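The block underneath contains the structure these notes are about, expressed in C-alpha cells.
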Amino acid sequence: MSSEAPKLPPQPVRSISDEFRELQFIVDKFQNQLSTADGTVGLHPFGPVNVEKAQASFTRTCLRLREALTGYRDTTLASWKQLIVADANQLQQQQQVAGAVPASTAISANTHRAAVAAQELSDMRNISDAVHEDARSCSKILFDAAAQAVSRALSLSSVGQPDLLVERLKASAKKMGLAHYTDVQSHGDEGEITTVTLAGGILVIDVDIGTRKDQIKVKVSYVSDIEHDERIDALMLGRLIAGDIKGFEELVEEMAELDRLTKERAPANFIHNTFALTATLAEIQKQELGALDGDVKQLLRHGSGIALPQVRHVGPSTLFFVPAVIRRGLEPEDWSALETNTLSGVADIPGLRWLYYSWEPSSTAHCFPSTLFQKHCLQPDYMAEDSDSHTVMTVKHPNIHDLELRFLEFKPSHNQQPQHQEEDGSNGMQVDEQNEAKTTNDELWIPYSIVARLELPMPACALTVKRIMAAVSSDAKVEFLSQSSETATESASLDSPRLLEDAPTLENMVYAECVGKNNSSLPTSAARKSAVQTIAGRTVTVEMDAPQIRAWSIHRIPLSHPHNVLSIVPVLRRQAVFNELLASCFTLVKSDTDASATSASKVNAKTYANDPFRIDIFVSDIAGGSGDLTEDGKRTKLDGSPQSMDTSNSDNLGQGVVLRVIESTGDVLAWTHQSLGISATSDILTAMSSVQTSSLTKATSHTNLSAVANISNSIPMVAFWLSSNPQ
C-alpha cells in the first residue's frame, strides 16, 4: 500500500478583485448589523455584533489582499520594457521557423494583456473607493454609538464616571488630530481630579474630571495673546454636564479646525479673526441700539439681528428671526437678557432663525490681520484716515436712517492683488496707527473668506436669492432696500409665472417643513391638506391655490466683507416672515374645542410668481356653523359623509384682503378689497389679482388689520379678526 498522503483538491485561485469584494462584504455586513429598524445603533455587550470577530476577519482579508497586490506588482505588472523585449525575442524565434505566425499576433497579445490589466485596475479602484467609504461610514457609526453610550452612562449615574470620560476624551483628541495629556492630582476630601488636556498648535483645552459631576470644569486657552472668552468655557461645560458628549465634541472639532487652519495658513490667525468678527457684530449692534433708543426688539425689525456669540457654536452667531408666537411670549426682562446674552435656554427654543459664521476656501484672497487689530467696525469716536494700506469706508445703514457706520477696508500691495477681482472686498479691522505698516504683509492675504451659514436651510424665492447675490458682491454698496417705510413698492420679480412641471416651489417646500417631510418628497397640490384651526369657537379652514413661486434652499452665504451682514439680514428676515405667513396656510391644528365650535370661516389663498411676497385671501363665512370638520376642512353630515361648505350666504358676500411683506423691516401690511376700489358683487379674488404692486402703499393700508397680521403672522388669525370685525 502506498504511504503517500491523499492529495488535496486544487484550491481555486483568488484574484485581487475577489479579495476586494470579500472585504466589501465584511464591511457591509458589519454596517448592516450596527443599524436597527428604529434608526439607532444596536451595539451592546450581548448584541448581534461580534466586534472582535469582525476585526479578525477584516485583518485576515487585508493580509490576503496585501499578498495579492504584492504578487501582482512583482509578476503581472513587470515593466512594459521587459514585456516588449520578451515578445520581440519570441517573435524572432517564431519567424525563424517555417509557417511562423504573423508579427501582429504578438503585438495583439500585448494589447490584450494591457487592456485586461487596465480594466482590472479600474474595477479594483472602484471597489477600493467603495470599501474606503463604507469603512469610514462604519467608523463614524461606531464612534457616534460610543458617544451615545457614554452619554447614557453619565445621565444614569450619580457620579462623574471619570475613567469613562477620560478615555472618551483621549479617543476624541486622536480622531481630531489633537495631542492629549493627563494629570491626576489628589484634592483631599474631594478625591482625585483628573485633568485631560487637548492641545493643538495654539489651542489648549483643559477638562477637569472628578468623581462628582459638579467637579467637571472646562477652560479654553491659547498659546498666544488671544483674549480668553469665558462664554466658550460655559458653552462646552454645559454640554458636558448635560451628558451631550457628541455636542461637546462638535465644539472641540470647530475649535480644532480653526487651530488647524491657523497652523497651515500661518501667519494668518483664524482664531483671532473669528473673535474679531465677534467683536465687529457686537460693535454693529451697539451702534444700532444707540440709534434705536436701546429697544432690543427693534433689532429684529430694523437692525441686523441680535448678536449672540458662543451660544450654539464657537464664534459669532446672529439671531435674525423669532416666530410671532414666541415673540409675543417674551417679557421685557427676557429681551434685556437677550441683549446681554444671558437668556437661559435660548439656543434650544424651536423655530428661531440663526446665522453662524465660519471660514471656507475662496477664489479671492482676503486679508487676515494679526492680533494687533481688534475688529472690523470702527467706533464712532475713533479717528482714522485713509492710507496706503487701507481706506475708511462709510456705510449708510439700510434700515436706520441717519445711522452711518465706518469700516476699514484693507488694500493689497501690488504683489498681492486678489484673484478675479478689481476692487478688494477684504476684511478690514480697527487698526492701531503705530502698527499700521504691518498690515501690508502679503502673507496675510490668503484665499479664504467668511461664510454665513443658516442653522436650518431656508426656502427662498428668486428675488431673495438675487438680493443676497447683489448684497455680497465685492463691489456692492449698502443702500436702503426701501427708500421709505411708508411704501411697500418695489420692482417686480423677474420670475416667469410659467413653471416647469417638476420645478420646486416655495409653497411645496414650506408645506414639507410644516408636515415634517424632507424636500426630496415634495407634495403635489392635490396631495396638500387644508389648514384647519379653531380660534375662540370659530373654525377657520384655509385652502391654497396652485403653487406659483419658484424656490431655492439657502444653506450658506459667502461674504466679501463683514458689512455684508447689514444687507443680508433684512433680506433673510423678510423671507422668514413670508414663510411663516405661508406656513399658516398649511398648519393643521388639532383643538379640544373643535366639537363646540359655533361658527366657521373658509379662506381661499393665492400667491403670485411675479410678486413673491404677496398673498391674496378671500374670507367667507360658512352657512350653518362649522359642525364636525374632517382633516380636509369639510363638514360632515349626520350620516358621517362629507358635506361641501356653503359659502353662498347672501348676507355675507365675503371679504377680500391683500397681504404683503414689505422690504427691510419685514412688516406685514394689509389692504381690504374696499380700500382697493373693488366691488363686493364681483369675483373678489380674481379682481384683486389685477391690483398692481405700485398701488399697495402703507398710506392706503388698513391700520388695524395690518397690526393683526404683523402681530400674528397668521392668515387664520386675520380671517378670525375679519369675521369678528365686519368691514
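Within the stretch 680-727, restricting attention to residues that are open to solvent by less than 60 Å² (accessible area, probe 1.4 Å), hydroxyl-bearing (Ser, Thr, Tyr) and not in a helix (DSSP H, G or I), the residue that is nearest to residue 606 (Cα to Cα) is 689. Would the stretch 235-242 turn up any residue that is surrounded by fewer than 16 Cβ atoms within 10 Å (Cβ to Cβ) and under 22 Å from residue 452 (Cα atoms)? No; the residues of the stretch 235-242 include none that is surrounded by fewer than 16 Cβ atoms within 10 Å (Cβ to Cβ) and under 22 Å from residue 452 (Cα atoms). Here residue 327 clears all of (1) in a strand (DSSP E or B); (2) of a type in the set (D, E, K, R); (3) open to solvent by 40 Å² or more (accessible area, probe 1.4 Å) except the condition numbered (1). Of all residues assigned to the stretch 389-400, none qualifies as being open to solvent by 20 Å² or more (accessible area, probe 1.4 Å), closer than 29 Å to residue 251 by Cα and in contact (Cβ under 8 Å) with a residue 24 or more places away in the chain.
Within the stretch 444-476, the only residue that satisfies the criterion of being in contact with a Cys (Cβ under 6 Å, 6 or more places away or on another chain) and of a type outside the set (Phe, Trp, Tyr) is 444. The single condition among (1) surrounded by fewer than 18 Cβ atoms within 10 Å (Cβ to Cβ); (2) more than 16 Å from residue 284 (Cβ to Cβ); (3) touching a residue at least 60 places away in the same chain (Cβ under 8 Å) that residue 301 does not satisfy is (2). Per the conditions (1) within 30 Å of residue 308 (Cα to Cα); (2) in contact with a strand residue (DSSP E or B) (Cβ under 6 Å, 6 or more places away or on another chain); (3) open to solvent by less than 40 Å² (accessible area, probe 1.4 Å), the sole criterion not satisfied by residue 208 is (3). Looking across the stretch 492-505 at every residue that is more than 24 Å from residue 695 (Cβ to Cβ) and in contact with a strand residue (DSSP E or B) (Cβ under 7 Å, 6 or more places away or on another chain), the one that is modelled with the lowest pLDDT is identified as 499. Within the stretch 312-324, the residues that satisfy the criterion of being open to solvent by 10 Å² or more (accessible area, probe 1.4 Å) and within 24 Å of residue 718 (Cβ to Cβ) are 321, 323.
Selection of the stretch 208-242 for residues being hydrophobic (A, V, I, L, M, F, W, C) and more than 25 Å from residue 343 (Cα to Cα) yields 209, 223, 226.
Scanning the stretch 240-253 for residues that are part of a helix (DSSP H, G or I) and either under 14 Å from residue 209 (Cα atoms) or touching a residue at least 40 places away in the same chain (Cβ under 8 Å) (or both) yields 240, 241, 245, 246, 249, 251, 252, 253.
Of the residues 136, 113, which is open to solvent by 50 Å² or more (accessible area, probe 1.4 Å), assigned to a helix (DSSP H, G or I) and at pLDDT 70 or above?
Exactly one residue qualifies, and that residue is 136.
Within the stretch 202-239, the set of residues being in contact (Cβ under 8 Å) with a residue 24 or more places away in the chain and part of a loop (DSSP other than H, G, I, E, B) comprises 202, 210, 211, 212, 216, 224, 225, 226, 227, 229.
The values are calculated or read from the model by the stated rules, or taken from the named source; none is laboratory data. Only a predicted model underlies this, so the values are computations on that prediction, with no experimental measurement involved. Counting neighbours? That spans all protein chains shown, and the Cβs are built from the backbone with ideal geometry, glycine included. The accessibility values were calculated without ligands, DNA or RNA, using every heavy atom of the protein model including side chains. Shrake-Rupley method; radii C 1.70, N 1.55, O 1.52, S 1.80 Å.
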